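Only the coordinates and a few stated rules stand behind these numbers; no lab work does. Computed from a prediction, not measured in an experiment: that's the story for all the values here. So basically every Cβ, Gly included, is an ideal-geometry build from the backbone, and we count neighbours across all protein chains shown.
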Amino acid sequence: METLFKERKLLRKIIRLTHKSTMQSVYPNKLGIEFNNFYLNELLSKELLSVHHVNNGPEPNSGIRSIQLTEAGLHFFEFKRERLINFLMRSVATPIIVSALTTGLIWLIRWLI
C-alpha cells in the first residue's frame, strides 16, 4: 500500500498516542490537525484508521469523537518492514549469492582442468 511521508508521520503519531493512553482511541485535540486534513482522509480511505462519530452533522467529518487504529493501521510499519526485507532478499541477496556460486563453480572447474 502506497502512502505519503506525511501520512506515515501522522500514522506514527496516532500509534504513539494510542500506546500512551489506556484507551485505544485518540481524541482530536491531541493531534493538532484539522479533520478536513487531506492526510487524515487518505488514512481513513485506506482503512488504516476508523472514526467514531457522536452525531452526523452537515459536513462529512463533523461530530468526530475519536480516531481508532484498525488492525492494518496498528501493524502497518511491521508489514512495510516485512515487504522491504522480502524485496531485498529477492532482488539483492539472491542475485549476489547466485553470482558468487556461479563464479566459484567456474573457478573450481578451471582448477580441475
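Each 5 Å bin from zero up to the one holding the largest Cα-Cα distance in the chain carries the following percent of pairs: 2, 10, 16, 17, 12, 8, 6, 5, 5, 4, 4, 4, 3, 2, 1, 1, 0. When only the Cβ of Lys, Arg, Asp and Glu is charged (+1, +1, -1, -1), the dipole of the chain relative to its Cα centre reaches about 460 debye. Amide H contacts of Ser66 (H built 1.01 Å from N, in plane; Pro and chain starts excluded): His52 sit under 5 Å, all sequence-distant by 5 or more or on other chains.
Under DSSP H, which helices of the chain have Cα atoms covering 24 Å or more of the helix axis and a Kyte-Doolittle average no less than 0.5?
Span-like helices, by this rule, are 94-112.
Under 18 Å from a label point set 7 Å out along the Cα-to-Cβ vector of His52, the amide N atoms of region 3-38 belong to 14-31. One equal scatterer on each Cα of region 1-50, no solvent, Debye formula: the resulting log10 I(q)/I(0) at q = 0.27 Å⁻¹ is -1.17.
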